[in-house]
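A quick write-up on the structure given underneath.
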Amino acid sequence: MSDALVSAELDAALEKIHHAGVPGVFAEVRDGDQVWRGAAGVADTATGRPVTAGLRHRVGSVTKTFTAAAVLLHAERGRIDLDAPVGRYLPELVPGERGDAITIRMLLGHTSGLAEYLPYAYPSFRAFPDVAKTGPESMDDHRFTRFDPVELIGMGVAAPPTGAPGTAPGVYSNTNYLLLGQLLERVSGTAAERCITREVIEPAGLEDTGFPDGPHVEGAHSRLYEAWFGMIDPPRDYSVFDMSFVGPSASLISTVADLTRFYRLLLAGEIVGEASLAQMRRTAPVLSQEGKVIDYGLGLYPLETAGRPAFWGHGGTVWGGGTLAASSTDGRRQLAVAVNLQRWNRLDASGRPRPHAVDEALEAFHHLAMYG
């Protein structure tokens with residue numbers, strides 16, 4: 001990793017992402033005790049302020065791994081039974097037969113059949129291909145809206161189910177992880193964000209990672225530019241935004257350095273025990289928000305490129321920002337990469353995203369970062 005040629009290749013791969021159309025991109029790759037950090041482009045298109053590898057960033061659904069780890073830690077202590085029905089813990093939120101049929105494990109693995117609440121809170125949000133029928137207006141309408149997680153859960157529970165509990169494929173739904181946040185609050189006696197901070201973030205020594213307490217990102221950070229499939233042109237900055245609409249599902253702020261440390265410790269069995277880690281890596285098919293069936297564990301999923309050995313991690317998006325972080329199975333090699341643009345693809349006539357040079361450049365960087 002310290003070899004100049006390898007560093008030059010990683011630098012060049014980041015530059016290709018920037019030149020493909022992303023204003024700014026920054027990343028860290030670790031291999032044992034060797035570390036490469038890089039950045040390309042700008043954090044602010046108006047001023048030309050450059051991105052740096054140390055910026056704090058909204059990491060979206062990467063948050064789910066942290067939330068899942070906190071649930072697994074409570075399961076290790078006997079406070080949560082993963083195979084118990086959610087109705088045992090939260091009968092008022094998932095009542096009746098569904099509360100008896102949906103287990104905590106199903107929430108963690110997105111096999112509960114509970115629908116996504118986001119289209120009801122944010123008309124802008126639609127999974128593919130329905131995204132072509134929407135516009136970005138509700139992002140502006142709710143930039144400073146403070147949402148109640150119980151109300152959001154109610155939207156997801158009241159919506160038509162995506163399937164019977166436990167059936168495959170499951171369907172990725174943030175409703176599951178808002179419920180897990182309420183579960184953590186119920187068993188720990190403190191807010192989910194505080195519980196995750198105390199049980200996972202602080203013991204892991206993640207000094208630049210935390211949940212926001214308002215619409216701003218504290219510390220040095222990039223602006224976040226949302227293109228909404230060409231409907232916002234030029235892309236608009238959404239870096240100031242109240243993230244209560246996702247809470248312990250996707251609101252975490254971190255750095256690429258903290259993320260590589262977190263996934264290294266997690267895959268080494270130093271955050272949850274080895275038995276819990278094995279459960280996190282036991283997968284089932286789940287339909288993603290992009291319309292693809294992926295193998296998903298408990299807050300963790302495998303990333304595999306061209307038949308090479310899997311890395312384990314999670315990706316995440318927010319309005320204007322994206323993140324991917326992962327570690328090799330043996331815990332030796334990690335990557336974390338962040339971009340300050342989202343939904344750069346234009347849509348075709350069927351509402352599917354067209355191929356874009358950014359996708360190709362990101363995939364090339366991921367492969368290089370994982371396998372050298």
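Restricting attention to the range 129-173, which residues are under 28 Å from R352 (Cα atoms) and in contact with an Asp or Glu (Cβ under 6 Å, 6 or more places away or on another chain)?
S173
Filter the range 125-145 down to the residues that are under 17 Å from S239 (Cβ atoms) and crowded, with 16+ Cβ neighbours inside 10 Å, then identify the one that is modelled with the highest pLDDT.
To start, the set of residues in the range 125-145 that are under 17 Å from S239 (Cβ atoms) comprises 136, 139-140, 142-145.
With crowded, with 16+ Cβ neighbours inside 10 Å added as a condition, the list becomes 136, 139, 142.
Values: P136: 84, M139: 88, H142: 91.
Selected residue: H142.
Taking the range 220-268 as the search range and keeping residues that are aliphatic (A, V, I, L, M) and within 14 Å of the chain's Cα centre (by Cα), which one is nearest to S328 (Cα to Cα)?
Step one: list which residues in the range 220-268 are aliphatic (A, V, I, L, M), which gives 220, 224, 227, 231-232, 240, 243, 246, 250, 252-253, 256-257, 259, 265-268.
So of that shortlist, the ones also within 14 Å of the chain's Cα centre (by Cα) come out as 243, 246, 250, 252-253, 256, 259.
Details: M243: 30, V246: 28, A250: 23, L252: 23, I253: 23, V256: 16, L259: 13 Å.
Checked the range 220-268; the qualifying residue nearest to S328 (Cα to Cα) is L259.
Looking at the range 182-204, which of its residues are assigned to a loop (DSSP other than H, G, I, E, B) and out of contact with any helix residue (DSSP H, G or I) (no Cβ under 7 Å at 6 or more places or on another chain)?
From the range 182-204, those assigned to a loop (DSSP other than H, G, I, E, B) are 189-191, 202-204; that's our starting set.
G189, T190, E202, P203 - these are the residues of the range 182-204 that are assigned to a loop (DSSP other than H, G, I, E, B) and out of contact with any helix residue (DSSP H, G or I) (no Cβ under 7 Å at 6 or more places or on another chain).
Is it the case that P212 is under 20 Å from G322 (Cα atoms) and either modelled with pLDDT of 95 or more or not in a loop (DSSP other than H, G, I, E, B) (or both)?
Here the answer is yes, as P212 does meet what is asked.
Only residues in the range 87-102 that are among the acidic types (D, E) count as the first member; pair them with residues that are not in a helix (DSSP H, G or I), Cβ under 7 angstrom, at least 6 apart or cross-chain, and list the lot.
Pairs found: D100/P85.
Scan A349, A361 and give me the residue that is farther than 22 Å from A8 by Cα and surrounded by fewer than 22 Cβ atoms within 10 Å (Cβ to Cβ).
Just one listed residue meets the conditions, A349.
Please pick out the residue among R143, R186, R126 that is charged (D, E, K, R) and over 20 Å from the mean Cα position of the chain (by Cα). Full working, then the answer.
Working: R143 fails: over 20 Å from the mean Cα position of the chain (by Cα); R126 fails: over 20 Å from the mean Cα position of the chain (by Cα).
Among R143, R186, R126, only R186 is charged (D, E, K, R) and over 20 Å from the mean Cα position of the chain (by Cα).
Hey, does the range 74-88 have a residue that's under 23 Å from the mean Cα position of the chain (by Cα), under 30 Å from V272 (Cβ atoms) and surrounded by fewer than 21 Cβ atoms within 10 Å (Cβ to Cβ)?
Yes, the range 74-88 has at least one match.
Looking at R58, is it more than 27 Å from H216 (Cβ to Cβ), of a type in the set (K, R) and modelled with pLDDT of 95 or more? Let's see the steps before the verdict.
Numbers: more than 27 Å from H216 (Cβ to Cβ): no; of a type in the set (K, R): yes; modelled with pLDDT of 95 or more: yes.
Criteria not met by R58.
Considering only the range 215-241, state which residues are basic (K, R) and part of a strand (DSSP E or B).
Of all residues in the range 215-241, those basic (K, R) come to 223, 236.
Within the range 215-241, just R236 meets the criteria.
Give the number of residues within the range 339-372 that are in contact with a Lys or Arg (Cβ under 9 Å, 6 or more places away or on another chain), within 21 Å of K16 (Cα to Cα) and not in a helix (DSSP H, G or I).
7
If you scan the range 303-337, which residues turn out to be more than 15 Å from L265 (Cβ to Cβ) and touching an Asp or Glu at 6+ places or on another chain (Cβ under 6 Å)?
The answer is A310, W319, G320.
Mind listing just one residue for me: the one in the range 232-241 that is of a type in the set (A, V, I, L, M, F, W, C) and crowded, with 17+ Cβ neighbours inside 10 Å and, of those, modelled with the highest pLDDT?
We begin by selecting, within the range 232-241, every residue of a type in the set (A, V, I, L, M, F, W, C); these are 232, 240-241.
Applying the additional criterion that residues be crowded, with 17+ Cβ neighbours inside 10 Å yields 232, 241.
On the way: I232: 94, F241: 97.
The extreme case among them is F241.
Consider the range 22-49. How many of its residues are surrounded by 17 or more Cβ atoms within 10 Å (Cβ to Cβ) and not in a strand (DSSP E or B)?
5
Residues that are of a type in the set (S, T, Y): which helices (runs of 4 or more DSSP H) entirely in the range 50-165 hold 2 or more of them? Show your work before the answer.
Details: elements: 63-76, 86-89, 96-101, 104-109, 118-121, 137-141, 149-158.
Here the list reads 63-76.
Under 6 Å between Cβ atoms, at least 6 apart or on separate chains: pull out the pairs that start in the range 1-23 with a residue that is on the phi > 0 side of the Ramachandran plot and end on any residue that is at pLDDT 95 or above and in a helix (DSSP H, G or I).
Qualifying pairs under 6 Å: G21/V358.
The values are calculated or read from the model by the stated rules, or taken from the named source; none is laboratory data. Since the structure is predicted, the reported quantities are computational estimates derived from the model, not experimental observations. Note that each Cβ is placed from the backbone with ideal geometry, even for glycine, and that neighbours are counted across all protein chains shown.
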